[in-house]
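The values are calculated or read from the model by the stated rules, or taken from the named source; none is laboratory data. Predicted model, so just to flag it, every value in this text is computed and none were measured. All Cβ positions, glycine included, derive from the backbone under ideal geometry; neighbour counts span all protein chains shown. Side chains are part of the model used for accessible areas, which takes the heavy atoms of the whole protein and leaves out ligands, DNA and RNA. Shrake-Rupley method; radii C 1.70, N 1.55, O 1.52, S 1.80 Å.
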Amino acid sequence: MSRPLQTERRQQQSEIVTLAFPASVLVPMWADERAGRITVMTLPAIAAALVAGWFLMRRRVSVVRDVAESKRAEGEN
């Protein structure tokens, strides 16, 4: 087998393992009729909160980066 085919095969195996892990966690959680099922049903809200937080922090990080770059530019002059 050539090197590119081996790399592609490893990537496919990695993708399968990556998808199998959350499934191996979510299926038992769903089987739990109380807390686990509630947690699984709230995952869309949790994901939305994570995405919103990422966008908010991305804005703050860009502001901090811009300030640091301007201070660095002033120090060089």
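Counting other C-beta atoms within 10 Å, and keeping those with at most 16, which DSSP coil GluC sites (Glu not before Pro) do you find in the range 10-77? Kindly include the intermediate steps, with their values, before the conclusion.
Numbers: sites: Glu15, Glu33, Glu69, Glu74, Glu76; in loops: Glu33.
Filter output for the range 10-77: Glu33.
Sort Arg10, Arg34 from largest to smallest accessible area, using a 1.4 Å probe on the heavy atoms of the protein chains. Intermediate values should be presented prior to the final figure.
Working: Arg10 150, Arg34 185 Å².
Putting Arg10, Arg34 in descending order of accessible area: Arg34, Arg10.
Test of understanding: what is the full-extension gain from Phe55 to Gln6, defined as 0.36 nm times their sequence separation minus their Cα-Cα distance? Each step should come with its number before you reach the end.
On the way: separation 49, 0.36 × 49 = 17.64 nm, distance 3.70 nm.
Extra length available between Phe55 and Gln6 comes to 13.9 nm.
Taking each pair of different alpha-carbon atoms in the chain once, compute 1/r for the pair, average those values, and report the inverse of that mean as the Kirkwood hydrodynamic radius in Å to one decimal.
Numbers: mean 1/r = 0.0588 Å⁻¹.
Final number for the Kirkwood radius of the chain is 17.0 Å.
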